[in-house]
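What follows is one structure encoded as structure tokens, with my remarks underneath.
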Amino acid sequence: MDLTQGPAAGAAADPAAEDTCLAVDAGNSKTDVAVVSADGTVLGTARGGGFQPPAVGVPAAVGALARTVARAVVAAGGGRERFGPGGETDRPLVAEVSACLANADLPPEERELGTALTRLGWGHATRVRNDTFAILRAGLPDDGSVRHGVAVVCGAGINCVGRADDGRTHRFPAVGRLSGDWGGGAGLAGEALWHAARSADGRGSGTELERALPAHFGLSGMAELIEALHLGRIAPERRNELAPVLFAVADAGDAVARGLVHRQADEVVALAAVTLERLGLLGVRTPVLLGGGVLAARHPLLHDRLTERLAERAPRAVPRPVAAPPVLGAALLGLDRLGAGGAAYARLRAHYAPPAGPAGTAAAAESPARAGSAGSAGPADTAGPGASGAD
């Protein structure tokens, strides 16, 4: 869904806003904002915390987002005085607000978030999409030669969207176990803890996770880790740190850990294959774009299983990790609306390209614009004309 709304009633035009877009990628774990001109120049960026309206409420989530937006605008040369106490502006700052938001999973959520952002008056037009659409756009060519594709994001959570050449889309509710979802970094961490606890108390199969998970936090065993998590001595958000530990244990050959990694691969394949089937793309060569920290890492055990199983279920699908930060996709969607030319897209992608060198060369081989693009990770709560980030 692409929800478009105009500026708040009575908002005066700002001539400087006519050729600029505000790109927002607000994920569960972090938020990246970029102010981008129509020629593809990144004028200013900022990074903030995760965007979680279900946990904190829409007003609080949008308020935190507004503070990150204000820092990006200041980094681009704008004045902090343009923003009111609630993040609202007296007139549009940009022509286009391209907001790709986590937790904009259902139509009522998109409408509510779209209304909330529109009321702040940042742009002449405000378009709200689920954040998975940012990965889809980042992985497709800028010249329109390929308009169809599927994107699967596996970061803190997991989601999938697809688009056919005629503009039809397919997506999932993606609200967790209630809608049949399994996995993502948080889900994998939870599964690892469950199996480790049962290994320790004898109810389940033995697994090295029983020792590796507590050791990550400097603890002696699962009883101590369970107590620390339950009583809040370890912050809940730190559970996500356990997903890489799971992969390390799986690499060492642990059967339980390997089973979880394989199941994650199978879940990704199921999402992609169903989406391809529902859009009538099983018989069409179609890019399947893999984004989010879990998939972009290209862990061999996960990636190899995923590509093997996808080839079985959808032989014409072409899996491709997208290492570029999702804010790139949000910005590309903004440039699409501004009618940007090829040089603008190239300039924007170059801004988020990896550093020169062997690692950068490998990542660059995956960009759709010139066969690859990737982004570098940055610290949280940063702002500046050259900051960039990746899931």
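Filtering G253, G232, G280, G329 for residues that are out of contact with any helix residue (DSSP H, G or I) (no Cβ under 9 Å at 6 or more places or on another chain) and more than 22 Å from W194 (Cβ to Cβ) leaves a single hit, G280. Going by what's in this entry, would A346 be described as outside any helix (DSSP H, G or I) and either touching a Lys or Arg at 6+ places or on another chain (Cβ under 8 Å) or at pLDDT 95 or above (or both)? Against the criterion (outside any helix (DSSP H, G or I) and either touching a Lys or Arg at 6+ places or on another chain (Cβ under 8 Å) or at pLDDT 95 or above (or both)), A346 does not qualify. In the set P236, P244, only one residue is at pLDDT below 95 and open to solvent by 40 Å² or more (accessible area, probe 1.4 Å); that residue is P236. Scan region 195-211 for residues that are open to solvent by 20 Å² or more (accessible area, probe 1.4 Å), in contact (Cβ under 8 Å) with a residue 24 or more places away in the chain and of a type in the set (A, V, I, L, M) and the total you get is 1. Could you tell me which of the residues A265, A186, A192, A250 is closer than 30 Å to V284 by Cα and in contact (Cβ under 8 Å) with a residue 40 or more places away in the chain? Criteria check complete, one pass: A265. The set of residues in region 29-68 that are open to solvent by less than 10 Å² (accessible area, probe 1.4 Å), assigned to a loop (DSSP other than H, G, I, E, B) and under 30 Å from A343 (Cα atoms) contains only G40. Please go through (1) modelled with pLDDT of 95 or more; (2) closer than 30 Å to H216 by Cα for V175 and return the number of the only condition it doesn't satisfy. It is condition (1) that V175 fails.
The values are calculated or read from the model by the stated rules, or taken from the named source; none is laboratory data. The shown structure was predicted, so the numbers you read here are calculated from the model rather than taken from an experiment. Methodologically, a virtual Cβ is constructed for each residue, glycine included, from the backbone with ideal geometry; neighbour enumeration extends over all protein chains shown. When the accessible area is computed, the model is the full protein with side chains, heavy atoms only, and any ligands, DNA or RNA have been set aside. Shrake-Rupley method; radii C 1.70, N 1.55, O 1.52, S 1.80 Å.
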